[in-house]
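The values are calculated or read from the model by the stated rules, or taken from the named source; none is laboratory data. None of the values given here were measured: they were computed from a predicted structure. Every residue, glycine among them, receives a Cβ derived from its backbone with ideal geometry; neighbour counts consider all protein chains shown. Only protein heavy atoms, including side chains, enter the accessible area calculation; ligands, DNA and RNA are left aside. Shrake-Rupley method; radii C 1.70, N 1.55, O 1.52, S 1.80 Å.
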Amino acid sequence: LCHPRDPKCLVTGGVDGFIIWWDISTLRVHQRLALHGAVSCLRWSPSGKYLAVGALPSNPSEGAFLVIFQYENTGLSVVTKIPNLSSEWLSAVAFKKDYSQLIASTKSGRLLLIDTGMKTIIDGLWV
């Protein structure tokens, strides 16, 4: 997923549980972060300041979770982790423009409206 403001920044995530920030001008890894769960979705905030990552943990008794990273030129740092959102994969995530909320969709089509400050689901809708 390309950064919306930094043309050299590309972030990938995989089922191996790693987030990798690539510098595409040099084709080298800038940063590698372990998530401890299979990555299912990635999304930059509109400003490019935050990156939301959805993942399903290795332990099946725990639910899918989101990790929100803050972007700086030197690297990504964890802002918050929102655990146990769903027993299913999160298939997509998107930020509200002001970062106060985000919406995530599950594999079965449930939409979760999440308050990023309170780290809670505001509403869950079936579509």
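Restricting attention to segment 36-48, the residues being more than 17 Å from residue 87 (Cα to Cα), open to solvent by 20 Å² or more (accessible area, probe 1.4 Å) and either out of contact with any strand residue (DSSP E or B) (no Cβ under 6 Å at 6 or more places or on another chain) or not in a strand (DSSP E or B) (or both) number 2. Taken over segment 98-119, the criterion of being over 16 Å from residue 79 (Cα atoms), of a type outside the set (A, V, I, L, M, F, W, C) and in contact with a Ser or Thr (Cβ under 8 Å, 6 or more places away or on another chain) is satisfied by 105, 106, 107, 110. The residue list 48, 75 contains one member that is touching a Pro at 6+ places or on another chain (Cβ under 7 Å), without any contact (Cβ under 8 Å) to a residue 60 or more places away in the chain and under 16 Å from residue 2 (Cα atoms), which is 48.
Residue 5 meets each of the listed conditions (1) assigned to a strand (DSSP E or B); (2) more than 13 Å from the chain's Cα centre (by Cα) apart from (1).
Within segment 10-35, the residues that satisfy the criterion of being outside any strand (DSSP E or B) and either open to solvent by less than 40 Å² (accessible area, probe 1.4 Å) or over 20 Å from residue 107 (Cβ atoms) (or both) are 14, 17, 24, 25, 26, 27, 35. If residue 67 satisfies all but one of (1) β-branched (Val, Ile, Thr); (2) at pLDDT 90 or above; (3) surrounded by fewer than 16 Cβ atoms within 10 Å (Cβ to Cβ); (4) assigned to a strand (DSSP E or B), what's the number of the condition it fails? Going through (1) β-branched (Val, Ile, Thr); (2) at pLDDT 90 or above; (3) surrounded by fewer than 16 Cβ atoms within 10 Å (Cβ to Cβ); (4) assigned to a strand (DSSP E or B) one by one, residue 67 breaks only (3). Among the residues making up segment 49-61, those that are exposed (fewer than 14 other Cβ atoms within 10 Å of the Cβ) and either of a type outside the set (Ser, Thr, Tyr) or under 15 Å from the mean Cα position of the chain (by Cα) (or both) are 59, 60.
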